[in-house]
Amino acid sequence: MTLCTLKYAARLAVIALLAIGIAACSQNSESGREGAGGEGPGEHVGSSEHGQGGESGEGGEESATQYTRTQTYDEVRAGARLVLRYDPATQAFVGTVTNTTDATLSRVRVEVHLSNGVELGPTTPMDLAPGQSIDVSLPATGQVFTTWGAHPEVGSGGESSPEGGGQHLGESDGSAAFIPSLAGWAVRDGVPLGIESQGHALSAWYTSQGGAWTGHLSPSASKHQPTGNATWTGEWAGVHGPGSTVSTGAANIAVTLGAGTAADLTLEDVPVLGTLQWDNMPVSNGRFTGTTTASANSRTYDAVGQFGGVNQAGVVGHATGSDFRSVFYGNKD
């Protein structure tokens, strides 16, 4: 073999080795791109049905898990443990939310999402001290659904407007300014506007859905018919117009027995409207309803009330119009 032939063979060997190396690098590069492109191993690591957070705010993402009407939700999110179930007797979601951490949880609230697309809540934001637990109640009166989901939210995020369905923050915030003046009565937690007495087993509250407000009374089945003439003195709390500021004033309910038991209701110092008064409302099984027309604007306002407690010692109700919503309560004199 001549010297030229040897040089030529050596050059061919070098070229072959370079070709093999380039092919190997190309193959590794393609493999690397496949691994980084979302199709290789570890494609969904770190993600789950809850991982994107949804309406998480500072904590407490929305769960995709759906529950039947007989199942109970029991989960901890962002340090808030929510235990919730549907009560068919009251047509409401009831339960508790508890701070499981060693620090205060700010603006804790709860939402429920029904399979029919309706969103309930969120409840009024509440700060929870370590270990503190509060009751949760979200009425679902008249709702037809098969499954539901829920989640607690913590912190300042997750706010939205009432036009989106349930009553979010904003208008509900005004209820925090209301402090009942009568002993034994307290603001009802978890609703935009409400009052309750555990001693009398009475409560009245509002919920909002799609911008429409609905008043509720408990017990839902009327009872405790007054047995004699009496007067109940108390207070009303409510909102007039589009704002969220809660105003208060005196409330009086007088019952007289005659051919039929009748109740008169007076709410004093209502902003813009002055005094609202309902006269001679029939009382049946402890429940009374009536309508009045305000002289200030010629609009009508509906009132519903309920007596309760030992010897009908308490009364509660709500009065509502197109520009006014209020709860009223009182104790027998």
In segment 178-246, what percent of the accessible surface is made up of carbon and sulfur (1.4 Å probe, ligands and nucleic acids excluded)?
51 percent
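What ranking do 139-146, 315-322, 299-306 get when scored by the average of other Cβ atoms within 10 Å per residue, highest first?
Averaged packing, sorted descending, gives the order 315-322, 299-306, 139-146.
Let me know the whole percent of all Cα-Cα pairs from segment 246-319 that are separated by more than 19 Å.
Percent of Cα pairs beyond 19 Å in segment 246-319: 35.
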Residue-level accessible surface for HIS113, protein heavy atoms, 1.4 Å, Å²:
40 Å²
Using modelled amide H (1.01 Å from N, peptide plane; none on Pro or chain starts), what sits under 5 Å from the amide H of ALA313, excluding residues fewer than 5 places away?
GLY308
How high is the FRET efficiency between THR291 and THR96 when r is their beta carbon distance and R₀ equals 41 Å, given to the nearest 0.05?
0.60
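The values are calculated or read from the model by the stated rules, or taken from the named source; none is laboratory data. Fair warning: this is a prediction, and the values are worked out from it, not measured in the lab. Virtual Cβ from ideal backbone geometry, glycine too; neighbours counted across all protein chains shown. Areas reflect the complete protein model, heavy atoms only, side chains present, ligands, DNA and RNA absent. Shrake-Rupley method; radii C 1.70, N 1.55, O 1.52, S 1.80 Å.
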